[in-house]
Every structure is written in C-alpha cells, then in structure tokens.
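Asks: This structure is in structure tokens; I'll ask about it shortly.
The values are calculated or read from the model by the stated rules, or taken from the named source; none is laboratory data. Note that the structure is predicted; figures quoted are calculated from it, not measured. When we count neighbours, we look across all protein chains shown, and the Cβ atoms used for this are built from the backbone with ideal geometry, even at glycine.
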Amino acid sequence: MTKAAICTIGDEILIGQIVDTNSAAIATALESAGIRVSRMVSLPDNREVIIESLRKLLKENDIVISTGGLGPTKDDITKAALAELSGSTRYVDNLEQKEIVRTILHSRGLDVLESNLAQSLVPETARVILNHLGTAPIMVFKIGESVLYSLPGVPHEALGAIPDVIEDIKASFPLSGILHRTVMTFGKAESALSKLLEPWEDALPADMHLAYLPNTLTGVRLRLSLYGNGSADDEKRLENELCKLKSLLGDLMYSECDDTLENALGRLLNSLGKTVSAAESCTGGEIAHLITSVSGSSAYFLGSVTSYAVSVKEKVLGVPSDVVEQYGVVSAEVAEAMAKGVRRLTGSDFSVSTTGLSGPGGDGVNPVGTVWVGVDGPLGARTCRFNYHNDRKRNIERFASAALNFLRLYILECR
C-alpha cells in the first residue's frame, strides 16, 4: 500500500500562533485517494532540521507532502532546504508562475517587487505545478524512490493545490482502495462501547479496523475501514460487517455519516412530519440554538421558552409553585412540568426541557453538573437525570446534547 507523510513547516505553528488546518485537509484527500497516511509532523524554520527530517520521512514513505516556508521573506527557507536536499546547484525561472505573480499583485493594487518575482524561481531538480491562487508554485521532487510535494502554507492556497497534487499522485503511484464507513453513536462512553463491541471487533478480518473517535458533544464516532483494493467484493464484505455493527449498536446509533445530533433529530422529525418545542433553564437557549442551526428547521421547530427565573417557569410555563417548593427547581417534577407547559403553550407534537446546575455554584442539594431533562409527547412525560463534571460552558453544551439525544430516543419509541 502506498504510504504518505504530511509535514508542516514554520515556527508559527510550533508556538501555537496559528492552527494547522492544512494537514487534516491533506490527510482526508490522501485517504480518499487510497493512500494511507503514516505520519504527521511539524518542523521549525531551521534548514538542518528540515533537511534531516524530510530525508528520514522520504526513506519511510512513498510520498511526502510539506506545506509552508515558501514566502518572500527571509524566514521562509524551505525552498533553499529543498534545493540542498534534492541536490540542486542552481535555480530556474518558471515563466508561467512569474506571470501569475504579476497578475495577482496587479489585481490587488500592489507593486511587483523583486522578492515577489523571486518566488517563481525553483530548484532545477523541481517539477512545477502552477499555483493560480498565490505567488509560490507547488514544487515536486523525485528523491530516490519517493516523491516530495512542497505546497504553500497559506491555507486557501494549500487547499486549492490539493486536487492537482492528488491527480499527479494518481498518475504516478499504484493506489489501493481504502474503504471507510462511519457510524455516529451517543449514550455510551468509548470504554463501554469497546466492551459491547469486543467480541465482534476481535472477529474482524485482518484487513479491517475499527477506530473510536470520541467527542463529548456529538458522541463516539466509529469508523470501520478496509484496506484492500476497492473491489466489489471488498465493498460487500465491509457492508456485511457494518450490518453486524449496526445490529449491536441499536438505538445508540443516530447516523451513518459524520453528523450531529441536531441534524439527526431534524431528519427524524421531518420524516414523521412532527414538530417540537423547548423549555430551557440551565441551558439558556443552547437547545434552541442547536436545533435552529440546521437549515430547514422551521418545518419542525415551533419555538422555545428560556425560563431562567422561577417566576417565568410558573407564569409562562405553568409550573405549579407548590411543585417548585416541594421538590426544588432542579428536579424531575419541575422538568416534567416544564416540558408539559411548553408543549401546551406551542401546540407541538413533542417537547424537551432542562433544569439544572451548570456551575460553578450549586444549590446545596444537587451536585454541580446535574441536569434533569424532561420530554413530553404521545407516550406522556418522562424525565432523566444526567451529571457531568466540566466547567460551566462545557456543562451547558453537554446538557443540551444529552437533552437532544433523550428526545431522539423518545421520538423513536413513538414511531
């Protein structure tokens, strides 16, 4: 199988001044093309380090893609390092890239400086892929049995170069068929999921692999991969194992693509032609925000009440004052009354509510991080208690995710 390494160059990445988004985009494109990414590294603006690190990566991989260090300023030293690495003794002028440099600078109303034009100079050992979005060309070096692609570090230029680089790779390397299937789950932690799936996972064929990718807000993303030749038989075998996986997961699974709970909830409500409303206290509108972040949510989301104060819970949602006094604001009884109240108020088919303690202060009864979620619908009202141990912002986000999933499971039961 063709292997690749991705290398970002620049002190600004190592000191945290900028976030490396190029590597993720390049890795995604390589995997889609059937190339397995073996390593990702970040290097400083140091000639010796760049040369030695790239030399090592080239020995271990068929392809190395680097980004960064190709600008017009003195700290951009990648081109000189690549010239030395590839054994180049002189530079040649790429006239097509030079013309692109002039066009770009003129379009921006900038003077054409010699330092800008010098970016069209490339080591004689380099083959050029034109960069139509910037001034530094993509340079391709054949070093030993491996190929090095040097891309600009500016994100929109690097992203723009990826399709041309992938096409060049396809013309030069035998590519295998890496097949991926993604399943989104919510409701079990990574360790619990692993225990549930252990017998099935242990029986997977040697060329298949299951990856666990947890996210506290969207759940655990499971990626089932097959490293084969992309044949119809591979597709069939992968689908067969995916069916087994889905059967084991049941309602823990909410999507078969890289997805969010709010998207999945929206599709479910649309498929049933039903509507929903929300009554929020501790989540402060986060649930409404998530639901309405989905395009087309007006078809199923009627509205919400952010009933932060007890008086709003009582006067707007109709939560009985004696229920608040007897059970406390953070209770199953209040969550239930809130869900019933907002459903009655809006006329929605389903409703969801939250009341809890996001922190840092508590109520002396419930621990900080406690939330009661209520739902109401054709099967009557139900409640569930969750507890998390994060800061205030993260608790609010996790409360909202738990509420969306609790609502999703309730709606599934009502189908």
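Asks: Being surrounded by fewer than 16 Cβ atoms within 10 Å (Cβ to Cβ), hydroxyl-bearing (Ser, Thr, Tyr) and within 20 Å of residue 71 (Cβ to Cβ), is that true of even one residue in segment 128-137?
Replies: The answer is no; no qualifying residue exists.
Asks: Can you pull out every residue in segment 184-202 that is aliphatic (A, V, I, L, M) and part of a helix (DSSP H, G or I)?
Replies: Once the filter is applied, which keeps residues that are aliphatic (A, V, I, L, M) and part of a helix (DSSP H, G or I), segment 184-202 yields 192, 193, 196, 197.
Residues checked against (1) free of Cβ contacts under 8 Å to residues at least 24 places away in the same chain; (2) surrounded by 15 or more Cβ atoms within 10 Å (Cβ to Cβ):
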| position | (1), (2) |
| --- | --- |
| 200 | no, no |
| 207 | yes, no |
| 213 | yes, no |
| 220 | no, yes |
| 224 | no, yes |
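Asks: Just to check your reading of the model, which residue among 85, 133, 105 is more than 27 Å from residue 172 (Cβ to Cβ) and either touching a helix residue (DSSP H, G or I) at 6+ places or on another chain (Cβ under 7 Å) or not assigned by TED's automatic domain parsing to the domain that holds residue 66 (or both)?
Replies: Within the list 85, 133, 105, the selection yields 105.
Asks: Considering only segment 222-255, state which residues are within 16 Å of the chain's Cα centre (by Cα), within 17 Å of residue 197 (Cβ to Cβ) and modelled with pLDDT of 95 or more.
Replies: Listed by number, the list holds a single entry, 222.
Asks: Spot the failing condition for residue 248; the list is (1) closer than 30 Å to residue 389 by Cα; (2) part of a strand (DSSP E or B); (3) in contact (Cβ under 8 Å) with a residue 12 or more places away in the chain, and only one is missed.
Replies: Going through (1) closer than 30 Å to residue 389 by Cα; (2) part of a strand (DSSP E or B); (3) in contact (Cβ under 8 Å) with a residue 12 or more places away in the chain one by one, residue 248 breaks only (2).
Asks: Looking for whichever is in contact with a strand residue (DSSP E or B) (Cβ under 6 Å, 6 or more places away or on another chain) and either surrounded by fewer than 21 Cβ atoms within 10 Å (Cβ to Cβ) or among the small types (Gly, Ala, Ser) (or both) here; the options are 281, 247, 297. Which one fits?
Replies: The unique qualifying residue is 281.
Asks: Out of 366, 390, 405, I need the residue that is of a type in the set (S, T, N, Q) and buried (at least 21 other Cβ atoms within 10 Å of the Cβ). Which one?
Replies: Every option except 405 fails the conditions.
Residues are listed down the side, and each one gets a yes or a no for (1) of a type outside the set (Asp, Glu); (2) touching a residue at least 12 places away in the same chain (Cβ under 8 Å); (3) assigned to a loop (DSSP other than H, G, I, E, B); (4) closer than 30 Å to residue 246 by Cα:
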| residue | (1), (2), (3), (4) |
| --- | --- |
| 122 | yes, yes, no, no |
| 133 | yes, yes, yes, no |
| 160 | yes, yes, no, no |
| 179 | yes, yes, no, yes |
| 182 | yes, yes, no, yes |
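Asks: Could you say which residue among 37, 49 is in the same structural domain as residue 141 (by TED's automatic domain parsing) and either touching a residue at least 24 places away in the same chain (Cβ under 8 Å) or surrounded by 14 or more Cβ atoms within 10 Å (Cβ to Cβ) (or both)?
Replies: Selected residue: 37, the only one of 37, 49 that is in the same structural domain as residue 141 (by TED's automatic domain parsing) and either touching a residue at least 24 places away in the same chain (Cβ under 8 Å) or surrounded by 14 or more Cβ atoms within 10 Å (Cβ to Cβ) (or both).
Asks: What pairs come up if the first residue lies in segment 336-347 and is not assigned by TED's automatic domain parsing to the domain that holds residue 382, the second is in a loop (DSSP other than H, G, I, E, B) and not aromatic (Phe, Trp, Tyr), and their beta carbons are under 6 Å apart, counting only those six or more places apart or on different chains?
Replies: No pair meets every condition.
Asks: Output the residue which, of all residues in segment 269-278 that are out of contact with any strand residue (DSSP E or B) (no Cβ under 6 Å at 6 or more places or on another chain) and assigned to a loop (DSSP other than H, G, I, E, B), is surrounded by the most Cβ atoms within 10 Å (Cβ to Cβ).
Replies: 274
Asks: Just to be sure I understand, how many residues within segment 54-83 are surrounded by fewer than 16 Cβ atoms within 10 Å (Cβ to Cβ) and at pLDDT below 95?
Replies: Selection size over segment 54-83: 4.
Asks: Just give me the residues in segment 96-120 being of a type in the set (A, V, I, L, M) and surrounded by fewer than 17 Cβ atoms within 10 Å (Cβ to Cβ), in sequence order.
Replies: Once the filter is applied, which keeps residues that are of a type in the set (A, V, I, L, M) and surrounded by fewer than 17 Cβ atoms within 10 Å (Cβ to Cβ), segment 96-120 yields 105, 110, 112, 113, 118.
Asks: Give me the pairs, please: first residue somewhere in segment 303-330 and more than 20 Å from residue 346 (Cα to Cα), second residue anywhere and aromatic (Phe, Trp, Tyr), beta-carbon distance under 9 Å, and either six or more positions apart or on two chains.
Replies: Taking only residues 6 or more apart or on different chains, the pairs are 330/372.
Asks: Another question, if that's okay. Looking at residue 311 and the list (1) within 20 Å of the chain's Cα centre (by Cα); (2) over 15 Å from residue 403 (Cα atoms), which single condition is not satisfied?
Replies: With (1) within 20 Å of the chain's Cα centre (by Cα); (2) over 15 Å from residue 403 (Cα atoms) applied to residue 311, the lone miss is (1).
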